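Worksheet: one structure, shown below.
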Amino acid sequence: MSGGTAAAVALAAAAGLAGSVQIAVMGRLGQRIGTLEALAFATVLSLVLVLALLLVFRQSLAGLAEGARAPLWMWAGALMGAFIVFTITYAGPRIGTTATIGLLIAGQLTMGALIDRFGLFGLEQIPLSGPRVLGILLLAVGAALSLHRVT
């Protein structure tokens, strides 16, 4: 595994751990101040943090202007990010962190497989194989089972 690949794997694993904490923390914040208010607060705090990182590491905000000139469909990432944070803030306290994660990941894998299969957004086409489909189906079953609560 190359250094870049190892770093990507480590970051992805760390993001998975962080995502679980995010669901729990955002859910509690949403209960305390409201779901939309928690989303707005987290977004503003993220903006301030990332602007500071840009200024420290790039010493420029020029990349923001480049983003503004990108095709509008590329802005969908921001909309999807806001939708995801809103959803985990709302769903976490209602169905639990495990069920929220399971459903989120099942949805991500399903859409990821479609994006790969059809090469959407200009990405390389990667065919669906039996093991990939089985893995997605098993995860979907696991996500559905995670909704069951022992009472």
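The values are calculated or read from the model by the stated rules, or taken from the named source; none is laboratory data. Since we're looking at a predicted model, the values are computed, not measured. Backbone-built Cβ (ideal geometry, glycine too); neighbour counts: all protein chains shown. In case anyone asks, the SASA skips ligands and DNA or RNA and just uses the protein heavy atoms, side chains included. Shrake-Rupley method; radii C 1.70, N 1.55, O 1.52, S 1.80 Å.
Quick notes on this one:
- Scanning region 31-56 for residues that are surrounded by 12 or more Cβ atoms within 10 Å (Cβ to Cβ) and within 18 Å of the chain's Cα centre (by Cα) yields THR35, LEU36, ALA38, LEU39, ALA40, PHE41, ALA42, THR43, SER46.
- Unmet criterion (only one of (1) without any contact (Cβ under 8 Å) to a residue 12 or more places away in the chain; (2) open to solvent by 50 Å² or more (accessible area, probe 1.4 Å); (3) more than 18 Å from the chain's Cα centre (by Cα)) for ARG28: (1)
- Tally, over region 119-141, of residues that are in a helix (DSSP H, G or I) and either in contact with a helix residue (DSSP H, G or I) (Cβ under 6 Å, 6 or more places away or on another chain) or surrounded by 14 or more Cβ atoms within 10 Å (Cβ to Cβ) (or both): 4
- Restricting region 74-90 to residues that are hydrophobic (A, V, I, L, M, F, W, C) and touching a residue at least 24 places away in the same chain (Cβ under 8 Å) leaves a set whose member that is surrounded by the most Cβ atoms within 10 Å (Cβ to Cβ) is ILE88.
- Restricting attention to region 92-118 and to residues that are in contact (Cβ under 8 Å) with a residue 40 or more places away in the chain and open to solvent by less than 30 Å² (accessible area, probe 1.4 Å), the residue that is farthest from the chain's Cα centre (by Cα) turns out to be GLY96.
- Any chance GLY16 is open to solvent by less than 50 Å² (accessible area, probe 1.4 Å) and at pLDDT 95 or above: no
- Residue under evaluation LEU147, criteria (1) aliphatic (A, V, I, L, M); (2) surrounded by 15 or more Cβ atoms within 10 Å (Cβ to Cβ); (3) touching a residue at least 24 places away in the same chain (Cβ under 8 Å), criterion not met: (2)
- Within region 61-100, the set of residues being in a helix (DSSP H, G or I), more than 14 Å from GLY19 (Cβ to Cβ) and not hydrophobic (A, V, I, L, M, F, W, C) comprises GLY63, GLU66, GLY67, ARG69, GLY77, TYR90, PRO93, ARG94.
- Test: residue in region 76-94 that is touching a Gly at 6+ places or on another chain (Cβ under 8 Å), over 29 Å from ARG132 (Cβ atoms) and among the β-branched types (Val, Ile, Thr): yes
Per-residue answers, yes or no, for (1) under 27 Å from SER146 (Cα atoms); (2) out of contact with any Cys (no Cβ under 9 Å at 6 or more places or on another chain); (3) modelled with pLDDT of 95 or more; (4) among the aromatic types (Phe, Trp, Tyr):
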site: SER2; (1), (2), (3), (4): no, yes, no, no
site: THR5; (1), (2), (3), (4): no, yes, no, no
site: LEU29; (1), (2), (3), (4): yes, yes, yes, no
site: LEU39; (1), (2), (3), (4): yes, yes, yes, no
site: VAL44; (1), (2), (3), (4): no, yes, yes, no
site: GLY67; (1), (2), (3), (4): no, yes, no, no
site: ALA82; (1), (2), (3), (4): yes, yes, yes, no
site: PHE86; (1), (2), (3), (4): yes, yes, yes, yes
site: ALA106; (1), (2), (3), (4): yes, yes, no, no
